[in-house]
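To start, the structure itself, in structure tokens.
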Amino acid sequence: MVKAEFIASGSEVNFALKIACELTANIFLNEESYSHSKWIDVRCNSLQDAEILDELMWASPENILLPHKLIHNKDEDIHINIGYPGTIFSTEKNKSLINIAIDLPRDIENYDYFYQLVIEDNSTLREGAAEAWNICKQKGLNPLFKKWQ
């Protein structure tokens, strides 16, 4: 069964993108309370956000190189993939999904771990996370909610 966590990630997308870098590093390096996954998919709201995240991951967190790529760049040796609406991630096993997008993906059951970054903007991004929470509850996933460190 998918382990689902919702993480309060500030009130704007750029801050959530920085958190996505740190969360990806924690998963990739098997740090703190995060389980290692062979594959990490990061789903953004737009191609523009995905490109910003791609650039951020080269520099953040400091002193850590996260081998990643935008999903449309075909390289099967890279296991951290950044996607956006309309992209399809691989169906490999042993995967985590970090979702910054406003909607819950249809294939959430393909993941071992699901992290929804909750952008508390008091508008559509927060509402989208609330809807994702409700869907997770309906699917019997028993999501957890926590604040980012």
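The values are calculated or read from the model by the stated rules, or taken from the named source; none is laboratory data. Keep in mind it's a predicted model, so treat the numbers as computed, not measured. Cβ sites come from the backbone with ideal geometry, for glycine too, and all protein chains shown count toward neighbours.
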Name the one entry in Glu51, Glu109, Glu127 that is surrounded by fewer than 21 Cβ atoms within 10 Å (Cβ to Cβ), more than 16 Å from the chain's Cα centre (by Cα) and of a type outside the set (Gly, Ala, Ser).
Glu127
Residue check, Ile82 touching a residue at least 12 places away in the same chain (Cβ under 8 Å), under 13 Å from Ile40 (Cβ atoms) and under 11 Å from the mean Cα position of the chain (by Cα):
yes
Among the residues of segment 86-100, the number that are among the hydroxyl-bearing types (Ser, Thr, Tyr), crowded, with 16+ Cβ neighbours inside 10 Å and either assigned to a loop (DSSP other than H, G, I, E, B) or over 14 Å from the mean Cα position of the chain (by Cα) (or both) is 1
Please verify whether Ala8 is under 19 Å from Cys136 (Cβ atoms) and either touching a strand residue (DSSP E or B) at 6+ places or on another chain (Cβ under 8 Å) or modelled with pLDDT of 85 or more (or both), treating the condition exactly as stated.
yes
Looking only at segment 65-74, count every residue that is assigned to a loop (DSSP other than H, G, I, E, B) and surrounded by 15 or more Cβ atoms within 10 Å (Cβ to Cβ) and tell me the total.
2
From (1) part of a loop (DSSP other than H, G, I, E, B); (2) farther than 25 Å from Gly10 by Cβ; (3) not hydrophobic (A, V, I, L, M, F, W, C), pick out the condition that doesn't hold for Glu109.
(1)
Close pairs (7 angstrom Cβ cut-off, 6 or more residues apart or separate chains): without any contact (Cβ under 8 Å) to a residue 24 or more places away in the chain and under 16 Å from Asn122 (Cα atoms) in segment 5-27, among the acidic types (Asp, Glu) and crowded, with 18+ Cβ neighbours inside 10 Å anywhere:
none
Can you name the residue in segment 39-48 that is part of a loop (DSSP other than H, G, I, E, B) and not hydroxyl-bearing (Ser, Thr, Tyr) and, of all such residues, is surrounded by the fewest Cβ atoms within 10 Å (Cβ to Cβ)?
Asn45
Picking from Asp121, Asp103, Asp77, the residue that is surrounded by fewer than 20 Cβ atoms within 10 Å (Cβ to Cβ), outside any strand (DSSP E or B), without any contact (Cβ under 8 Å) to a residue 24 or more places away in the chain and of a type in the set (Asp, Glu) would be Asp77
Complete set of residues in segment 9-38 that are surrounded by 21 or more Cβ atoms within 10 Å (Cβ to Cβ) and not in a helix (DSSP H, G or I)
Ser9, Ser37
Please pick out the residue among Asp54, Asp49 that is under 19 Å from Glu12 (Cβ atoms), free of Cβ contacts under 8 Å to residues at least 40 places away in the same chain and charged (D, E, K, R).
Asp54
Where Ala59 falls short, out of the listed (1) touching a residue at least 40 places away in the same chain (Cβ under 8 Å); (2) aliphatic (A, V, I, L, M); (3) over 24 Å from Phe6 (Cβ atoms):
(1)
